[in-house]
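Peer 1: Got a structure here, written out as structure tokens. Questions coming.
Every number here is computed from the coordinates shown, using simple stated rules; none is lab data. Remember, predicted model here, so these are calculated numbers, not experimental data. All Cβ positions, glycine included, derive from the backbone under ideal geometry; neighbour counts span all protein chains shown.
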Amino acid sequence: MRKKIVAGNWKMNCDLGEMQELLTGIKNQLKNIPDTVSLMVAPAYTNLYAAFETLKETPVEVVAQNMHQEKNGAFTGEISAAMLKGIGVQTVILGHSERRSIFNENNQLLKEKVQTALDNNMQVIFCIGEELESREENKQFNVVKQQLEEALFTLPEKAWQNIILAYEPVWAIGTGKTASPEQAQEMHAFIREQIAEKYNSEIADAVSILYGGSVKPANAKEIFSQTDVDGGLVGGAALKADSFVEIALAFQN
Ligand code: PEP
């Protein structure tokens, strides 16, 4: 059975006090969330340690939003895998569309980052997805296939145990526009098919594929009910404890 996951990507939001308030709100409602759903939160670097300490006794996992590909060295402003591991972080989001478009991270660089994370026994939430222009030109499948091929398809089979995918159509991120449940299912099935063709169906069936792009309480249930959708990577709606928890509960109903 694939893991069902709801992960909150808080981006560059929440100072320490705001984050603690958000975490308290989530913690207070944890008893309502079935243990078949894994919850993850991705605070900014400066809040990772505090989040880890606050959530220590809970099943909520604290994950990082990014990391550098090198082990250490003269990379002012960057954070290494070992630094993340040192405070207990086991999972990192890589390839988010904001990293790709604003910080010019391409598939080649992301491939290196994935390798570094795996070398450090970390789990990766790897984001893929097309921009609006590609969707309008009906090139979304080519784009996603290329992202998979260039960043992930040189990995050995066993590495896939530590990969979670997040399909995030860029035109749906922070825009209020959501892919329809059918569009999400179609792409998730396509992704699974590509993995099955490159590797095998056991690996394809075992990998969790999250959907991301304006997921909110009102649409989560329909999106999560699709056969190949295993949860969500949530931005805006994860910044309020109630809506984040409500999204996690969408699996239950
Ligand atoms: C995201 O940033 O990964 C995301 C999906 O954001 P939002 O939910 O706000 O669209």
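Peer 1: Report, by chain and number, residues whose modeled amide H sits under 5 Å from the one on Glu61, excluding near sequence neighbours (fewer than 5 apart, same chain).
Peer 2: Residues meeting the criterion, in which the H sits 1.01 Å from N, are Leu39, Met40, Val41.
Peer 1: Also: How high is the FRET efficiency from Thr175 to Lys221, r the C-beta distance, R0 22 Å, rounded to 0.05?
Peer 2: Computed FRET efficiency for Thr175 and Lys221 comes out at 0.60.
Peer 1: Moving to a separate point now. With the chain treated as a Gaussian network of Cα nodes joined by springs under 10 Å, which of Lys177, Lys31, Lys111 yields the largest mean-square fluctuation?
Peer 2: Greatest mean-square fluctuation among the candidates belongs to Lys31.
Peer 1: Starting from the 7 Å offset along Cα-to-Cβ, what nm value, one decimal, do you get for the label separation of Glu78 and Asn32?
Peer 2: Spacing of the two 7 Å Cα→Cβ label points: 4.3 nm.
Peer 1: Using a Gaussian network model on the chain with a 10 Å cutoff between Cα atoms, which of Ala159, Ala184, Ala220 fluctuates the most?
Peer 2: Looking only at Ala159, Ala184, Ala220, the biggest GNM fluctuation is shown by Ala159.
Peer 1: What order, most packed first, do the peptides 2-15, 194-207, 163-176 have when packing is the mean number of other Cβ atoms within 10 Å of each residue?
Peer 2: Averaged packing, sorted descending, gives the order 163-176, 2-15, 194-207.
Peer 1: Sketch the reach of a paramagnetic label on Asp119 as a point 7 Å from Cα along Cα-to-Cβ, and name the residues of segment 152-179 whose backbone nitrogen lies under 15 Å away.
Peer 2: Within reach of a label on Asp119, which here means backbone N under 15 Å from a point 7 Å along Cα→Cβ, segment 152-179 contributes 155-156.
Peer 1: What is the spread of the Cα atoms of segment 161-202 along each of their three principal axes, largest first, in whole Å?
Peer 2: So the three principal-axis extents are 35, 22, 12 Å.
Peer 1: With θ taken as phi - 60° and the coefficients 6.51, -1.76 and 1.60, list the Karplus ³J(HN,Hα) couplings across segment 222-234 in order, rounded to whole Hz; mark glycine and proline as x.
Peer 2: Using θ = phi - 60°, the values come out as 5, 5, 5, 7, 6, 3, 9, 9, 10, x, x, 9, 10 Hz.
Peer 1: Now, a different point. Whole Å is fine, so just give me how far the alpha carbon centre of segment 225-253 lies from that of segment 107-180.
Peer 2: So the two Cα centres are separated by 20 Å.
Peer 1: Treat the count of other C-beta atoms within 10 Å as a stand-in for reagent exposure and order Leu239, Leu94 from fewest to most.
Peer 2: Leu239, Leu94
Peer 1: Can you sort Ile223, Ile191 so the residue with the fewest Cβ neighbours within 10 Å comes first? Intermediate results must be reported in sequence, preceding the final value.
Peer 2: Details: Ile223 25, Ile191 22.
The fewest-first ordering by Cβ neighbours comes to Ile191, Ile223.
Peer 1: So for the pair Glu149, Glu57, with labels modelled 7 Å out along Cα→Cβ, what separation do we get in nm?
Peer 2: Distance between label points: 5.2 nm.
Peer 1: In addition: Taking N as the number of residues in segment 1-77, what value does Rg over Cα atoms divided by 2.2 N^0.38 Å take?
Peer 2: Details: Rg = 14.1 Å, N = 77, 2.2 N^0.38 = 11.5 Å.
That works out to 1.23 for segment 1-77.
Peer 1: Compute the signed sum of charges (Lys and Arg +1, Asp and Glu -1) over the other residues within less than 12 Å, Cβ to Cβ, of Gly236. Working shown, then result.
Peer 2: Details: positive: Lys11, Lys216, Lys240; negative: none.
Once all neighbours under 12 Å are counted, the net charge is +3.
Peer 1: Once a ≥ b ≥ c are taken as the square roots of the eigenvalues of the Cα gyration tensor of segment 74-184, is the result rounded (a/c under 1.5), prolate (a/b larger than b/c) or oblate (a/b not larger than b/c)?
Peer 2: prolate
Peer 1: How large is the charge dipole for the chain, taken about the Cα centre, if only the Cβ atoms of Lys, Arg (+1) and Asp, Glu (-1) carry charge, to the nearest 20 debye? Intermediate values should be presented prior to the final figure.
Peer 2: Working: 23 positive and 33 negative charges, 86 e Å.
Here the size comes out at about 420 debye.
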